[in-house]
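A.B. asks: Before I ask anything, let me first share the structure, which is written out below as structure tokens.
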Amino acid sequence: MTKNPHPTTSPRTLPDSIRLRASASLAALAALLLAPSLAHATPPDTYGFGARARALGGAVTADVSDSSASYHNPAGLAASEGIQLAVGYVDLHPFLDIDGERSSVERFGTLEVGMVAPVKVGNVITAFGLGLMLPDQRLARTRSTIVTRPRWEMYDTRSQRIFLAANLAIRPVEWLTIGAGIAFQAPSELTLDIRGDLALDDPEANSRLEHQFKGDLTSIRYPAAGFQIEATDWLSFGLSYRGEYTLANRIVALADVRVMRIATLEFLLDTFSTSLFGPQQASLSFAFRPIPDLRIGLEVTWYDWSAHPSLIPTEEIVLGLDPPIVEVPGNIGGRSAIPLGLHDTFVPRIGVEYTAVRTDAVELDLRVGYYYENSPFPVQRGTTNFVDGDEHTTSIGFGLRLTDLEPTLPGHLQINGYLLWSRIVERTHVKDSLVDAVGDYTAGGDLLGLGLQLEVAFR
Amino acid sequence: MSASKITKRSRRAWTPLRALVLASILGCASLGAETAFPDPVQTSGVGPFRPLDSTETGITAEPVGRVQETTGASGGGMRAGDFFFSVESQPLAEPPARTPGLLPTQVDWARFAPRRIARAAIREGFHGFGAGTVVLEANEAWEGDAVFDPWVIALPDGRARLYYAAEGGIGVAEAPSLDGTFTRVGDGPVLADAAGPSVVASEEGFSMYFERDGAIGLATSSDGLAFTVEIEALTLDAPPSEDPEAPGETSFHRPGAVWASTVAHDRILRLYFEVRRDDGTFAATMAASLDGRDFERLAAPVYGGEESSGAPAPFLLPDGTTLLHFTIDARGTNREPFRAPVVGVAPSFLRFADPPVEE
């Protein structure tokens, strides 16, 4: 029995006129989707999603058809050959140094769950997909920025978030799939209210203060969309888009306190900060199959980092006394946002997959991937200290597929694994000021990671 | 029931339990634990300097950061190698009335015995020093009755050279080594009408920063003995303050210089000094320069405590960590103000020993 090595991309041909019309309509759709939009942040932006995709350097947008399509290209969901459930675990360890001292950047461990559910109605396939990354240490973390403390901005808190995405895809014709969906995040707004009487003579004994704390985690959604075209039986390409996301934090502290029953002290602290930003991004990808057992993926991703808002919180501190029994300054402090000066990046990716073993019962794919991400952060010459560096990431992996499992399983069972190494090229930050509080320093390091995923597919 | 059946049944019961225990262990192993904020990184020597505590200095005397237990007044001191050079001056048994016109925190040297220069050895395992022994006292006519403001450098051949201030200016003494006996070089001051010498050596020769008439000047020398004044008053003005009511700076004193390096610059001259203000307060601050002549000034003091800080003298450890010896205001048990010698470290998060246990 011979099997198609890539069941989701079976050989298909179509007339040139149809391809032209389809291309035009897809270009219009792409233009619509590429319009800037505001949305919010995810760990896959840092580490990718799915074991096969990571092993291939993320160069999968053109032909992804497993559950990782929920992140890499929703269109790929409609190319799935059946219901798929995948669960995996990712373990990444940073070894990042500043001036030779190990930085306190946490390891990143997460449970990854993906699901694809295609439905065929007539000749049209529609599919629903769900992607979830559930970090095992904390579901969300926000840390304010202390400008005098160098921080690995891309690795410190960015990954400490849940990623949840839901997508729909359609395959109207055999050579085309289109998909779109949304992902969810939550910013936070916190309010601390303090009211009561403050006795200056013996504050601990005679003061009567009460406080109220309000927290609000509002859901925010951002879009993802894409399409895949299988031009020939050996070439496919795809385009995907993910929206911009900005997770903002606002903390308001209000104090309305009677002082010695002779005056009212009013205090307002209002801080607003961006805790996490993900740029809008678009990936253009090609997948070639020069021979049936070899697949080469090439991809480039554009990241709109130049739209990054400042990570330095803005603060307003206002003090008032009514009646003004003593003179107090009104606006007593605060600070303004400092522009970060990030630039857009284009990240090239390549992924090669070779089917080394193919029998009726077993298939073994070997994978290797690479991508280069030049840092969007400039050298930190001023008061900010957002540490980053150009990143070279290399990965190797495998996919072991057991196909002869009937009647126990009418489908296949696949185990995907990978090892990943990122080299953050050392970079020297030279301050413009000789009396800068931090001074000059170098920063660089490595990230090592591995992951394992179990995928069950039902025909 | 046979024993084998019991064993099999027990195994069946244990299997889910084992799985539960294993799952619990794995689950707990990955529970989130809060991690500290990123450590500060300070490579500029700007500070703020954290006063070392008693477990780091080996000195329990107040105030915190005390680098040496002294009973007398100190005009500050500086470290060279494993020795601390400072002024030794005991209170007079029957002091005269306090000199009128002095600021409340100002040391009245008339109430102390004439100042002498003492050397103290480091306490092993600590950054504090033991009691000093006098290595130089005034006995030349041009010196008047006091020698003070010591600054010692080690020469490449192992000799130690002591620059000091006296009534008539800045003099020089030398010893075969840092722990040797100092004898004067020459019969007069190498720089007249100046005080607070701080000398650094480089390939180009010796640079002496000194104070004169409330300003800090620069003199250079090829041999470290014959100096030529190059800049009478360095430009060390602070950047404009955002606070219109901030006290103005009136004069600069007690320079302490050191050549340092960073990953980007082979050498940066860091000049620490004492700035006095028109409200009577003073503070240690610093400026930095690539050529030792044109300086960029730090606006803030290098010590963040409430006390006035002064007479800063830097010392670089082999790993680049900066220790700053300076004085902070204190009062003796007789309420007499004196300037207590203390030592601080930057980066401030560095520790040389576990902190003392609070009772």
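The values are calculated or read from the model by the stated rules, or taken from the named source; none is laboratory data. Values in this document were obtained by computation on a predicted structure and should not be read as measured data. So basically every Cβ, Gly included, is an ideal-geometry build from the backbone, and we count neighbours across all protein chains shown. Just so you know, the surface numbers come from the protein's heavy atoms only, side chains and all, with ligands and any DNA or RNA stripped out. Shrake-Rupley method; radii C 1.70, N 1.55, O 1.52, S 1.80 Å.
A.B. asks: Please work out whether the stretch B:229-359 counts as rounded, prolate or oblate from its C-alpha gyration tensor, where a ≥ b ≥ c are the square roots of the eigenvalues and a/c under 1.5 means rounded, while otherwise a/b larger than b/c means prolate and anything else oblate?
C.D. replies: Taking the square roots of the gyration eigenvalues as a ≥ b ≥ c, the stretch B:229-359 is oblate.
A.B. asks: Could you compute how much accessible area chains B and A hide from each other, both sides summed, with a 1.4 Å probe? Nearest 100 Å² is fine.
C.D. replies: It comes to approximately 2300 Å² buried between B and A.
A.B. asks: What are the residues of the stretch A:59-104 that lose 50 Å² or more of accessible area, with a 1.4 Å probe, going from their chain alone to all protein chains?
C.D. replies: A:S104
A.B. asks: So which trypsin sites (Lys or Arg not before Pro) in the stretch A:239-301 end up in coil per DSSP with only 15 or fewer other C-beta atoms within 10 Å?
C.D. replies: Those satisfying the criteria are A:R261.
A.B. asks: Taking R0 as 25 Å, what's the FRET efficiency between A:R102 and A:H343 from their Cβ-Cβ distance, rounded to 0.05?
C.D. replies: Efficiency for this residue pair is about 0.30.
A.B. asks: What net charge do the residues around B:R115 carry, taking every other residue with its C-beta under 15 Å from that of B:R115, with Lys and Arg at +1 and Asp and Glu at -1?
C.D. replies: My count for the surroundings of B:R115 gives -3.
A.B. asks: Between the stretch B:76-151 and the stretch B:260-310, how many Å separate their Cα centres?
C.D. replies: First find each Cα centre; the distance between them is then 23 Å.
A.B. asks: Note down the net charge around B:D291, summing +1 for each Lys or Arg and -1 for each Asp or Glu among other residues with Cβ under 14 Å from its Cβ.
C.D. replies: For residues surrounding B:D291, the net value is -3.
A.B. asks: Quick one: divide the alpha-carbon radius of gyration of the stretch A:408-454 by 2.2 N^0.38 Å and tell me what you get.
C.D. replies: This ratio for the stretch A:408-454 stands at 2.30.
A.B. asks: In addition: Which residues in the stretch B:140-154 have a backbone N closer than 15 Å to a point placed 7 Å from the Cα of B:T99 along the Cα-to-Cβ line?
C.D. replies: B:144-149
A.B. asks: Another one. Starting from the stretch B:290-359, pick out the trypsin sites (Lys or Arg not before Pro) whose DSSP state is loop and whose Cβ has at most 16 other Cβ atoms within 10 Å.
C.D. replies: Counting only loop positions with at most 16 other Cβ atoms within 10 Å, the trypsin sites (Lys or Arg not before Pro) in the stretch B:290-359 are B:R293, B:R335, B:R351.
A.B. asks: Let me ask another. Place a point 7 Å from the Cα of A:D233 along the Cα-to-Cβ direction; which residues of the stretch A:285-310 have their backbone N under 18 Å from it?
C.D. replies: A:287-296
A.B. asks: Quote to one decimal, in nm, the extra length available between B:A353 and B:I231 on full extension: 0.36 nm per residue of separation minus the C-alpha distance between them.
C.D. replies: Length gained between B:A353 and B:I231: 39.7 nm.
A.B. asks: So which residues in the stretch A:403-433 end up with at least 10 square angstrom less accessible surface once the other protein chains are there, compared with the chain by itself, probe 1.4 angstrom?
C.D. replies: A:T428, A:V430, A:S433
A.B. asks: To continue, here is another question. Between A:F213 and A:T191, what length comes free when the chain is fully extended (0.36 nm per residue of separation minus the Cα-Cα distance, one decimal in nm)?
C.D. replies: Length difference between fully extended and current span is 7.3 nm.
A.B. asks: Now for a separate question. Could you work out what % of the accessible surface of the stretch B:222-359 is carbon and sulfur, using a 1.4 angstrom probe and leaving DNA, RNA and ligands out of the count?
C.D. replies: 48
A.B. asks: How many angstrom lie between the Cα centre of the stretch A:62-95 and the Cα centre of the stretch A:214-251?
C.D. replies: One Cα centre to the other: 14 Å.
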